[in-house]
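**Q** Please see the structure below; I have some questions.
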Amino acid sequence: MNYQDFFAASLDQLRDDGNYRVFAELERKCGDFPHAQAHDGGDTAPVTIWCSNDYLGMGQHPAVLEAMHDALDRCGAGAGGTRNISGTTHDHVQLEAELADLHGKEDALLFTSGYVSNWAALGTLAGKIPGCVVLSDALNHASMIEGIRHSKAERMIWKHNDLNDLESKLASLPLNQPKLIAFESVYSMDGDIAPIKEICDLADKYNAMTYLDEVHAVGLYGPRGGGIAEREGLMDRITVIEGTLGKAFGVVGGYIAASADLSDFVRSFASGFIFTTALPPAVAAGAAASIRHLKSSTAEREDHQSRVTEVRARLDALGIPHTENPSHIIPVMVGDPVKCKYISDLLLQDHGIYIQPINYPTVPKGTERLRITPSPVHSQEDVDRLIGALGNLWSQCELARMPMAAQ
């Protein structure tokens with residue numbers, strides 16, 4: 001085999017299919033999010049980011065930056081290695097306490113990313129509990145799927161948010177067989193929300209544990225930002241709550257919150273925790289500051305929901321199709337990979353607006369979309385420019401509009 005020819009041909013096929021990923025080179029402006037500088041060769045241009053997972057702009061919040069600067073001055077840059085080898089820093093301990101408190105759990109455990117926390121926790125739990133069967137929602141994130149695969153445990157895939165299918169699969173297993181139901185609260189591509197209470201009811205009925213990924217909900221929902229489970233008063237019914245520090249909390253890292261013994265079990269057996277260099281203390285301090293702020297402040301969440309509602313209404317007024325859902329994620333549906341990439345390119349080149357196209361395999365073919373995530377720090381002018389640009393491009397590309405445009 002000519003290896004280089006194979007690589008080149010595979011990449012050419014991606015380009016022909018309209019699914020080749022191009023990374024925009026952006027330079028965020030401290031204190032001015034969602035505005036940034038786009039770099040293209042030696043040229044730069046201002047751009048407004050409309051697809052960031054820094055949902056509340058906490059990556060620029062003064063309390064977060066101050067905490068990180070302070071920790072950097074106190075501790076230096078890195079953690080020095082794994083927590084087992086180099087020791088657990090005081091900032092890590094404080095952050096885990098904040099997370100346990102946020103979710104009403106006895107303990108929490110930090111990982112280097114949300115991906116790693118899912119991979120390591122699911123892989124360890126399902127792999128170490130004898131005879132465990134994992135019942136995984138069909139639209140679970142790749143990190144959850146990889147963790148379940150890594151465990152080598154038996155798995156059953158249940159239809160997305162389908163309680164009847166979940167119950168049918170649970171009922172097919174012996175009552176005393178270990179089971180773990182793995183699902184998300186807010187699904188990041190369609191923005192729909194799982195029926196958490198009903199899933200917990202089935203877990204109780206069939207003697208199953210529950211593993212809830214709240215990465216697109218923590219910080220955004222609930223009285224203190226604990227996620228959908230907190231908003232619905234269900235945190236105590238979830239065995240493991242998994243979250244991220246890299247989205248609404250604005251920093252980086254992942255975690256699980258659970259009982260003290262379960263957390264210690266994962267700490268003691270998960271290779272993805274044991275053998276990975278710990279997060280820098282400055283990152284842990286910044287995340288803790290972000291969590292503390294959002295526990296007490298509701299302004300960011302209220303402004304966020306208000307901005308989401310406004311953008312949806314403006315899209316409706318132009319008849320631009322977007323998926324209705326109860327969350328903050330607005331999928332603007334294009335349905336063609338080439339046109340989706342083309343619109344994304346023109347938004348950046350002609351309008352200074354960055355929205356990454358979402359194509360296969362992230363979403364099924366024929367459902368290509370622009371995934372818009374409004375934030376409380378988007379200004380009225382930002383919204384006006386976004387809606388105007390989308391309206392022009394929808395006409396330019398001769399894309400279908402919803403009937404509301406005739407009103």
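The values are calculated or read from the model by the stated rules, or taken from the named source; none is laboratory data. Computed from a predicted model, the values in this text were never measured in an experiment. Every residue, glycine as well, gets a Cβ built from its backbone with ideal geometry; the counts of neighbours run over all protein chains shown. What goes into the accessible areas is simple: the full protein's heavy atoms, side chains included, and nothing from ligands, DNA or RNA. Shrake-Rupley method; radii C 1.70, N 1.55, O 1.52, S 1.80 Å.
**Q** Leaving out ligands, DNA and RNA, what percent of the accessible area of region 1-117 is carbon and sulfur, probe 1.4 Å?
**A** 53
**Q** Working with all protein chains in place, sort F249, F23 by solvent-accessible area computed with a 1.4 Å probe, largest first.
**A** Most to least solvent-accessible, the answer reads F23, F249.
**Q** Follow-up question, since we're still on this one. Rounded to the nearest 0.05, what FRET efficiency do T88 and A260 have when you use their Cβ-Cβ distance and R0 = 22 Å?
**A** Details: r = 16 Å, r/R0 = 0.71.
Here the calculated transfer efficiency is 0.90.
**Q** Counting Lys and Arg as +1 and Asp and Glu as -1, what is the net charge of the other residues whose Cβ lies under 14 Å from the Cβ of D32?
**A** -2
**Q** Could you please state how large a percent of the accessible area of region 193-323 is carbon and sulfur, counting protein chains only and using a 1.4 Å probe?
**A** Ligands and nucleic acids excluded, carbon and sulfur give 53 percent.
**Q** Also, I was wondering about something else. Looking at this model, which pairs from K152/K179; K197/K295; K29/K247; K105/K295 are more than 20 angstrom apart at the alpha-carbon?
**A** K197/K295
**Q** Just to confirm, what accessible area per residue do you get for the chain at 1.4 Å probe, in whole Å²?
**A** About 44 Å² of surface per residue is accessible.
**Q** What is region 155-263's relative contact order, in percent, from Cα pairs under 8 angstrom and six or more apart in sequence?
**A** For region 155-263, the relative contact order is 19 percent.
**Q** Could I ask something else about it? Please arrange F273, F6 by accessible surface area, largest first, computed with a 1.4 Å probe and ligands excluded. Walk me through the numbers on the way to the answer.
**A** Details: F273 30, F6 105 Å².
So the residues, ranked largest to smallest area, are F6, F273.
**Q** Using only the Cα atoms of region 23-93, what semi-axes does the equivalent ellipsoid have when each is the square root of 5 times a gyration tensor eigenvalue? Give whole Å, largest first.
**A** On the way: eigenvalues 197, 47, 28 Å².
That gives 31, 15, 12 Å for the three semi-axes.
**Q** Now a separate question. Filter the GluC sites (Glu not before Pro) in region 259-342 to those in DSSP coil with at most 14 other Cβ atoms within 10 Å of their Cβ, and list the result.
**A** Taking region 259-342 and a limit of 14 other Cβ atoms within 10 Å, the loop GluC sites (Glu not before Pro) found are E324.
**Q** Cα gyration tensor of region 219-296, axes a ≥ b ≥ c as square roots of the eigenvalues: rounded (a/c below 1.5), prolate (a/b > b/c) or oblate?
**A** It is oblate, given that a/c is not under 1.5 and a/b is not larger than b/c.
**Q** Run lengths n ≥ 4 of DSSP H only: what is the helix-derived mean residue ellipticity at 222 nm for the chain, with -39500 (n - 2.57) per run over all residues, to the nearest 500?
**A** After summing the helix terms and dividing by the residues of the chain, the value is -13500 deg cm²/dmol.
**Q** What trypsin sites (Lys or Arg not before Pro) does region 113-201 have in DSSP loop regions with at most 11 other beta carbons within 10 Å?
**A** K152
**Q** Remind me, relative contact order of region 62-296 in percent, using alpha carbon pairs under 8 angstrom and six or more residues apart? Present the calculation step by step, with values, prior to reporting the outcome.
**A** Values: 476 pairs, mean separation 75.3, N = 235.
The value is 32 percent.
**Q** Moving on. Between S296 and F6, what is 0.36 nm times their sequence separation minus the Cα-Cα distance? Round to one decimal in nm.
**A** Details: separation 290, 0.36 × 290 = 104.40 nm, distance 5.43 nm.
Stretched fully, the S296-F6 segment lengthens by 99.0 nm.
**Q** Please report the accessible area of Y20 (heavy atoms, 1.4 Å probe, ligands and nucleic acids excluded) in Å², nearest 10.
**A** Counting only protein heavy atoms, Y20 exposes about 80 Å² to solvent.
**Q** Which aspartates and glutamates does K169 reach when only Cα atoms under 13 Å apart count, and residues fewer than 8 places away in its own chain are ignored?
**A** Within reach: D137, E154.
**Q** I'd like the orientation of helix 281-296 relative to the chain: the angle between its Cα long axis and the longest Cα principal axis, in ° from 0 to 90, rounded to 10.
**A** Once rounded, the angle reads 80 degrees.
**Q** Could you order F269, F33 by accessible surface area, starting with the largest, using a probe radius of 1.4 Å?
**A** F269, F33
**Q** Helix 380-396: angle to the longest alpha-carbon principal axis of the chain, degrees 0 to 90, nearest 10?
**A** Its long axis makes an angle of about 70 degrees.
**Q** Rounded, prolate or oblate: which fits region 1-149, taking a ≥ b ≥ c as square roots of the Cα gyration tensor eigenvalues, rounded meaning a/c under 1.5, else prolate when a/b beats b/c?
**A** Oblate, since a/c reaches 1.5 and b/c is not below a/b.
**Q** For the chain, calculate the relative contact order in percent as a whole number, restricting contacts to Cα pairs under 8 Å that are 6 or more residues apart.
**A** Details: 785 pairs, mean separation 86.7, N = 407.
Normalised by residue count, the contact order of the chain is 21 percent.
**Q** Placing +1 on the Cβ of each Lys and Arg and -1 on the Cβ of each Asp and Glu in the chain, which of H351, G81, V133 has its Cα farthest towards the positive end of the resulting dipole?
**A** The listed residue farthest towards the positive side: V133.
**Q** Now a separate question. Enter the accessible area of T309 (Å², nearest 10), with the probe set to 1.4 Å and all protein chains included.
**A** 90
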